[in-house]
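Worksheet for the structure shown next.
The values are calculated or read from the model by the stated rules, or taken from the named source; none is laboratory data. Computed from a predicted structure; not experimentally measured. With ideal geometry, Cβ positions are generated from the backbone for all residues, glycine too; neighbour counts draw on all protein chains shown. Surface accessibility is based on the protein's heavy atoms, side chains included, excluding ligands, DNA and RNA. Shrake-Rupley method; radii C 1.70, N 1.55, O 1.52, S 1.80 Å.
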Amino acid sequence: MKKILVTGGAGFIGSNYVRYILSNYPDVSVLNVDAMTYAGNPDNLADISDDPRYSFLKADICDRSRMREVFTDSDIDGVVHFAAESHVDRSIAGPDVFVVTNVVGTQVLLDVAREAWKDRYDSVRFVHVSTDEVYGSLGENDFFRETTPVSPNSPYSASKAGSDLFARAYCRTYGMPVMVTRCSNNYGPYQYPEKLIPVMIINALHDRPLPVYGDGMNVRDWLYVEDHCSAIDRVFQRGTAGEVYNIGGNNEKTNIEMVKTILNVLGKPESLITFVGDRMGHDRRYAIDSTKIQNELGWSPSVQFKEGIERTIQWYLDNRDWWERALERAKDWGFDISISQSLAK
C-alpha cells in the first residue's frame, strides 16, 4: 500500500483532496499533517476519521525534527503540500507568519523529504500546491501561462512565489521529483467562512450587508474544488518533475457578478450589497490558461459554474452546524468573521 503525506489536510482544499484520494484509490493510505491553526477544522474530515487508511498528526511543517520523525516512522511514497497561510487581508495586516509558514515551512519540508528520499527519487513524488496569485495582475485580454513571470502584489502571493522557487530549486539542484501546481480561485464544500463565497452566503442568510471591495469589477477564474483535486492527482500520477502546471476552471466572474448570483440563488435582494473601500494592492484580474495540463496530462474541469455554485450554496444550507461551529472557533482566535469584508483569496 502506498502512503501519501498530505500537509494542511484539515483545511478546505486539503480535506477535499484527502477524501478524493481515499474514495478513488483503495490501495493508498493518507497521513494528514496539519498544525490546526485557525483554518484547520477537525469537522472537515469527521466522516472519514475511522477509515483505517487515514491517520492524522498535529504538527507544524516548520518543525524540522517532527517532520524528520514523520519520514522516519512512516514509509512516505509521496507528498502533496497544501499547508499554507492563504488569506490576503491577513497577510497585509501581518506578513511575518506568511513568510515563516509558506517559505520556511516549505523549505523545511523539501529538505526533510530530500534527506529521506535521496536513494529512491525514481519511486517518489512531491507536488507543491500554489496559486495563480504569484503571477500578479492581468490586463483585460491576457491569461496566466506557466511561462508568465511571477510578479506578486501582496505579502501572501510573495510568500507563495518564494515557496514555488524553492520547490523549483530543489528539483534543479538535487534532482528531486518536485512539481508545482498553480490554481485559480477554488469554491465548494468546507471552505473556511472568511472567503468570498461563504462570507456572502452566510451574510445573506442573516440578511446582513454583503461587503464588496471597490467597484466590484475585480475578475477571478473560479474552479470547483473537486476538479482541483482531480487535477492535482493527475499531476501527482503523470506530471513531469520540475514542471509547473496551471489549473483553471474557465469561469471568469467579476466579484459583483458572483455576489449577485449568490443572492439570486438564495432569493435575497441586491439591496444587501454594500460597497466598501478597496483592498490595498488588490489585483484587478486573474485568468488561467490550462492548455498545458489539458494537452500533456489529459485533464480538464468537469463541473460547470452553474452546477458548482448551486451545489456549493446547497451544501452551506444543509450544513449550517458546520459553519456555525467554524464561526465560534474563529472567535477563539480573536476573529469575528461573520461581518468580514474579506473577498476572494
Looking only at segment 279-293, decide whether some residue is loosely packed, with under 12 Cβ neighbours inside 10 Å, in contact (Cβ under 8 Å) with a residue 60 or more places away in the chain and of a type in the set (G, A, S).
no
Within segment 44-56, which residues are open to solvent by less than 50 Å² (accessible area, probe 1.4 Å) and either over 14 Å from G14 (Cα atoms) or free of Cβ contacts under 8 Å to residues at least 40 places away in the same chain (or both)?
L45, I48, D51, R53, Y54, S55
Quickly run through segment 216-249 and pick out the residues that are closer than 23 Å to N16 by Cα, open to solvent by 10 Å² or more (accessible area, probe 1.4 Å) and more than 17 Å from the chain's Cα centre (by Cα).
Q237, R238
Could you tell me whether D89 is over 23 Å from V28 (Cβ atoms), of a type outside the set (F, W, Y) and open to solvent by less than 40 Å² (accessible area, probe 1.4 Å)?
yes
Pairs only if they're at least six apart or on different chains, beta carbon under 6 angstrom, first in segment 195-219 and under 9 Å from N255 (Cα atoms), second crowded, with 17+ Cβ neighbours inside 10 Å and of a type in the set (K, R); list them, first residue then second.
Y213/R279; V219/R285
Candidates V134, V99 - the one that is open to solvent by less than 20 Å² (accessible area, probe 1.4 Å), part of a helix (DSSP H, G or I), under 21 Å from A169 (Cα atoms) and not aromatic (F, W, Y)
V134
So, in segment 137-184, of the ones that are under 19 Å from G8 (Cβ atoms) and of a type in the set (D, E, K, R), which residue ends up surrounded by the most Cβ atoms within 10 Å (Cβ to Cβ)?
K160
Checking the structure you have, find out if any residue of segment 25-43 is in contact (Cβ under 8 Å) with a residue 24 or more places away in the chain, surrounded by fewer than 18 Cβ atoms within 10 Å (Cβ to Cβ) and assigned to a strand (DSSP E or B).
yes
For segment 67-85, check the following and say yes or no: at least one residue is buried (at least 19 other Cβ atoms within 10 Å of the Cβ) and of a type in the set (D, E).
yes
If a residue must be surrounded by fewer than 20 Cβ atoms within 10 Å (Cβ to Cβ), touching a residue at least 24 places away in the same chain (Cβ under 8 Å) and not aliphatic (A, V, I, L, M), how many such residues does segment 294-303 contain?
3
